[in-house]
Amino acid sequence: MSRPPFPSGWSSIPLSLKNLTLANSLPVGQSFLWHRHAIASSTPGCPTEEFSRAVDNPPRVVCLRQSPSHLYYTGVYPNEHDALADLRRGITKDWVNDYFQLKAHPELEKMYDDWRARDPELFGKVEVNKRAVGVRVLRQDPWECLIAFITSTNNHIPRITSLLHRFSQSFSPPLVTLHNPDNDGETTYHLFPTPTALPTKLEALLRSMGFGYRASFIESSLQTLEEEFKEEIEAGLLRWRNQDVDTVREKLVALKGVGRKVADCVMLMCMDKPSLIPIDTHVAAIAARHPAFPSRLRNKPMSKQVYDETQQFLLDRWGPMGGWCQAVMFAADLPEPKPKVKVVKTKVNTSVTVKRKLEEVSPTLNLKRTRSATRLELKQTRTIVTDEVKMEE
DNA sequence: CAGGTC
DNA sequence: ACTGG
């Protein structure tokens, strides 16, 4: 089957990059299941890349593109009937407005003005980064978001991404297969699995899939949610949007694998709690850069006390939309995504020299020194790049 | 060592 | 304590 099976047709919304930049909002550690492809035959002034993912109610693939003046969207359906219904009722249009919170928070630039005035020290300095432009907090599905952030603990973003894709492919049937817009192969899309689609003996399966100790957290949390909501977990979690922060936090933290940080992430990103500032190692480091950051909190290991005080410090700086400001700061501080180039390395023996020098400085090498020496050696070989070759498109 | 948690 | 980008 080739693209497009049953597209609802491309539509557009006038929208500036300052109000939303897809590339700065979708792949920055809040949502993990978007596919990203370059567009093969793009002309100047037109979109250069496409983001796409499976979305439910009704099941389809939502594709997004962006130019400096417009956001383009379409739903691609496995059957014609639903595609026509989308066109008639504007289903994907409504979904885009809800997901990016364009109606609830239409003026992102006004928020930036506010944060700049409140916190010239931190925000004012970070916002000049082009990766800080148009960062929006997404309004995500609570069930998916919960599983995603239980999975996130002690994991890199690329690894969280691959685990969640594996999760979707394993427990949700293929929805539709589309040719990639870069003309490089095709992608089979899967909805995020519903709780009822998950098998018994989930923990063992998740462990074999690479979830590690988070496997038991997910199985336990699922069981707890089944006891509370029976077959209606997703609808039950959606209802938490209407309750206050302290009530919801209590319920979230009661789940295995959900502590303060994960609970704050879930509430910020899918429960309409825009003031919440999740404190991870990254945000803690950002806070520590502020001249007014209390010295007694500097270089302290994370604890409930340090968490609360750091969060309060940032809330005082960033105000009632503090969680959104945090999203900007976090996105701008992320390492640049790896460019798709094949790096041809020539290994030169300078690494040996470096290692020997270290040994000379400290003849009694303990384990830690050996490890740092290895890392230094790796860095040294990586800097010697003789050629870069663009990957075949 | 990673958007921490048990 | 799991595990690999």
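The values are calculated or read from the model by the stated rules, or taken from the named source; none is laboratory data. Source: prediction; values computed, not measured. Ideal geometry is used to build each Cβ from the backbone, glycine not excepted, and the neighbour counts take in all protein chains shown.
Listed values, structure above:
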item: Helices (runs of 4 or more DSSP H) fully within the stretch A:121-220 counting 2 or more residues that are within 16 Å of DNA strand B (Cβ to nearest atom) and among the aliphatic types (A, V, I, L, M); result: A:142-152, A:157-171
item: Count of the stretch A:1-31 residues which are closer than 23 Å to A:ASN183 by Cα and under 21 Å from the mean Cα position of the chain (by Cα); result: 4
item: Those residues of the stretch A:221-230 which are in contact with a helix residue (DSSP H, G or I) (Cβ under 6 Å, 6 or more places away or on another chain) and either more than 16 Å from DNA strand B (Cβ to nearest atom) or in contact (Cβ under 8 Å) with a residue 40 or more places away in the chain (or both), in sequence order; result: A:PHE229
item: Residue check for A:HIS165: of a type outside the set (D, E, K, R), in contact (Cβ under 8 Å) with a residue 12 or more places away in the chain, farther than 20 Å from A:ILE279 by Cα and within 16 Å of DNA strand C (Cβ to nearest atom); result: yes
item: Only listed residue being away from DNA strand C (no atom under 16 Å from the Cβ), of a type in the set (Ser, Thr, Tyr) and either at pLDDT 95 or above or touching a Leu at 6+ places or on another chain (Cβ under 9 Å) (or both), chosen from A:THR200, A:THR188; result: A:THR188
item: Test for A:TYR213: is it over 23 Å from A:LEU334 (Cα atoms) and loosely packed, with under 14 Cβ neighbours inside 10 Å; result: yes
item: Matching residues, the stretch A:283-298, being out of contact with any Leu (no Cβ under 8 Å at 6 or more places or on another chain) and within 13 Å of DNA strand B (Cβ to nearest atom); result: A:ALA284, A:ALA285
item: Failed criterion for A:GLY236 (all others in (1) away from DNA strand B (no atom under 12 Å from the Cβ); (2) in contact with a Lys or Arg (Cβ under 8 Å, 6 or more places away or on another chain) hold); result: (2)
